[in-house]
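The values are calculated or read from the model by the stated rules, or taken from the named source; none is laboratory data. If you're wondering where the values come from, they're calculated on a predicted model, not measured in any experiment. Note: ideal-geometry Cβ built from the backbone for every residue, glycine included; neighbour counts use all protein chains shown.
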Amino acid sequence: MLGSGIIKGLAVTAKNFVGSYFVPERMVTEQYPEDRPKLPENYRSFPLLVSETAEDPMGTLRCVACQICEKECPPQCIYIEKSKDKKPDATGKMQLYPVVFAIDTSVCMSCGLCAELCPFDSIKMDQVFEVAATNRFAGLLLNREQLAKSNAYYHSIRPVEAAEVDARLAADRQAAEAKAKAAAAAKAAAAAAKAAAPAAQPAPAPVAEAPKPPSPAA
Amino acid sequence: MITAAPAPFGQSSGPTVRRVNDPLHGDLLEVSMGPQHPSTHGVFRMDVTLDGEVIVKLKPVFGYLHRNHEKIAENTSYLSSMPYTDRLDYLCSMSTNWAYAMAVEKLSGQAVPDRAQYLRVILAELTRIVNHACLVGFLFNDLGTSFTPLLYAFREREKIIDLFEALSGSRMMCNYQRFGGCRVDPTPEWLAAASKLVDNFPRFLDEYETMLTGNEILLARTQGVGRLDPKHAVNAGITGPVLRACGVNYDLRKVDAYGFYPRFDFRVPLGEHGDTYDRYMMRILEMRESVKILQQAFKVLPAGPIMDPKAKLRGFRPKPGETYGRLEGPKGELGFYLLSDGTPNPYRYRVRPPSLINLTLLEEMCLGHTVADAVVILGSIDIVLGEVDR
């Protein structure tokens, strides 16, 4: 019968129309500003810089200004200037830090390569998506003060990944401390052996060498 | 039908007036459809010459979305091009990623672990479903059904896109494949959700087909419209569902047997007439076959690493040489040609976009049909302008 296909189709739409009031799986619309979507942990929007504490974000930035992200960024939206001096990083090693770290979020395409390639777990992807600004140049060019977010915030948006990162950094720090301790012990042992060696001989030199104190940096 | 030779094109900016043999015959009219036309699927323009309502000449014009993709890729590292490949065919970034990763892996001889291979098949088939669902919805939009079929299709697409977001962090710009594997390992919950979605998908397809396939208006508008001759199609290098709708059995998943596709049992649907209706049915049948592949893949997905331990992300320098990696994308043969000179950037980078090459026979398909049919024919070819213009 001509028109039976159309009638069958109308039956389907009628079923969906009625179902959209009663069947939960057919209610697909989210009332966005009132109902906030629950973002998956992997969701990424724009980069952020992780700092250890919220009180002193600039002093505890994990970034060591290695410029890997700047080189690999596909649209070239990251700009970094290295510092002249050094300060200890998350593992206690003396490192440079970024004096200028700016990301032009009007250019950034949220690919996440910077976060993926950062060897210091410093740059991560944020999950903010309401990023309107009133000025399209200064408002979207974020400098390091605006990019820095505390580790606690990072934990709040990506708990699983942040826990992994913290465990890895703690292991690194422990390894570095153990290495430093071992180096210091070896040095002290060498110095002691050196000091002991002349003492065992029949004292050609009356002045015994004082063992050097192990340097803290070793 | 028009008997006179077509007028020289583009000589006047206004309507072309010329004499034809029939004294009662009116003038031909040149119309520029697009680039801001709702039915051209993006910034695509068709310069059509009309005799009444019938098309006597059609010139596709593109380039409005040209972003210099190939040249940019020649000036960035291999890895940095990966996010740009998302933006080629922005409806199916997972397959485009895979095509590029496959070309680079071929170039460097990089091995891929089993789990990553299965994941790639899963994601490529999910992408095929996303693309075909979108296409079918938009095709009906072009037919004039204002939005109902499109929203039904988008409802299902949204579920798959949410899965992509949960896995890769982005709904459409996934940036998921890497040279030598994949970026994120899916959790068991993700796999369970995806498997459930795939098992429920045939229900949607049945509903969709009940709603639309038997519809008399659809049959009247699509059957016999935009016929494509198989010889002509092969000659022009048409690939994908458009070619298979003409009855040519050519599917790279079977021909090249790339990835782990030989391990799956699936069939390649073939059309007979090469008209718009066959192209529509081809998409529906391919979605059903994709569901079959996905159900097999979720059963046999092995545990293990998703990234080859020898794979390098940064400082990646393949040996000098050239390669062409291709796969059966949702739209046709999607290929990447790479020429390496041993530096971190490719010396030459070229994309073979299926959308662009499938567009080349648009005029042949549209001649003799009305303007309203041209819109439907264009919709059934399935183009994405990000890929046409690059």
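Annotations
- Of all residues in segment A:1-37, those that are of a type in the set (S, T, N, Q), in contact with a Lys or Arg (Cβ under 9 Å, 6 or more places away or on another chain) and assigned to a loop (DSSP other than H, G, I, E, B) total 0.
- Residue count for segment A:1-23, restricted to those that are more than 16 Å from B:P149 (Cα to Cα), within 10 Å of chain B (Cβ to nearest Cβ) and hydroxyl-bearing (S, T, Y): 1
- Within segment A:99-119, the only residue that satisfies the criterion of being over 23 Å from B:T85 (Cα atoms) and within 14 Å of chain B (Cβ to nearest Cβ) is A:P119.
- Listed here are the strands (runs of 3 or more DSSP E) enclosed by segment A:70-131 that have at least 1 residues being touching a Lys or Arg at 6+ places or on another chain (Cβ under 6 Å) and surrounded by 16 or more Cβ atoms within 10 Å (Cβ to Cβ): A:98-104, A:123-125.
- Inspection of segment B:204-218 identifies no residue that is among the aromatic types (F, W, Y) and more than 23 Å from the chain's Cα centre (by Cα).
Per-residue answers, yes or no, for (1) assigned to a loop (DSSP other than H, G, I, E, B); (2) exposed (fewer than 15 other Cβ atoms within 10 Å of the Cβ); (3) hydrophobic (A, V, I, L, M, F, W, C):
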| residue | (1), (2), (3) |
| --- | --- |
| B:K231 | no, yes, no |
| B:N235 | no, yes, no |
| B:I238 | yes, no, yes |
| B:V248 | yes, no, yes |
| B:R253 | no, no, no |
| B:Y258 | yes, no, no |
| B:P262 | no, yes, no |
| B:F266 | yes, no, yes |
| B:G271 | yes, no, no |
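- A:Y32 vs. criteria free of Cβ contacts under 8 Å to residues at least 60 places away in the same chain, of a type in the set (F, W, Y) and within 14 Å of chain B (Cβ to nearest Cβ): yes
- In the set A:T53, A:T60, only one residue is touching a helix residue (DSSP H, G or I) at 6+ places or on another chain (Cβ under 8 Å), modelled with pLDDT under 85 and under 29 Å from A:V160 (Cβ atoms); that residue is A:T53.
- Scanning segment B:198-213 finds one or more residues that are facing another protein chain (nearest Cβ under 9 Å), within 21 Å of A:G9 (Cβ to Cβ), polar (S, T, N, Q) and touching a residue at least 40 places away in the same chain (Cβ under 8 Å).
- Across segment B:132-154, the number of residues qualifying as surrounded by 24 or more Cβ atoms within 10 Å (Cβ to Cβ) and either basic (K, R) or farther than 27 Å from B:T370 by Cβ (or both) comes to 1.
- Output for segment A:72-97, where each listed residue is within 12 Å of chain B (Cβ to nearest Cβ) and within 17 Å of the chain's Cα centre (by Cα): A:E72, A:C73
- Of note, A:R26 does not satisfy the criterion of being within 10 Å of chain B (Cβ to nearest Cβ) and under 14 Å from the mean Cα position of the chain (by Cα).
- Checking each residue in segment B:337-355 for being assigned to a strand (DSSP E or B) and within 24 Å of B:P60 (Cα to Cα) picks out B:R350, B:V351, B:R352.
- Of residues in segment B:297-323 being surrounded by fewer than 16 Cβ atoms within 10 Å (Cβ to Cβ) and either under 26 Å from B:I129 (Cα atoms) or aromatic (F, W, Y) (or both), the one farthest from the chain's Cα centre (by Cα): B:A303
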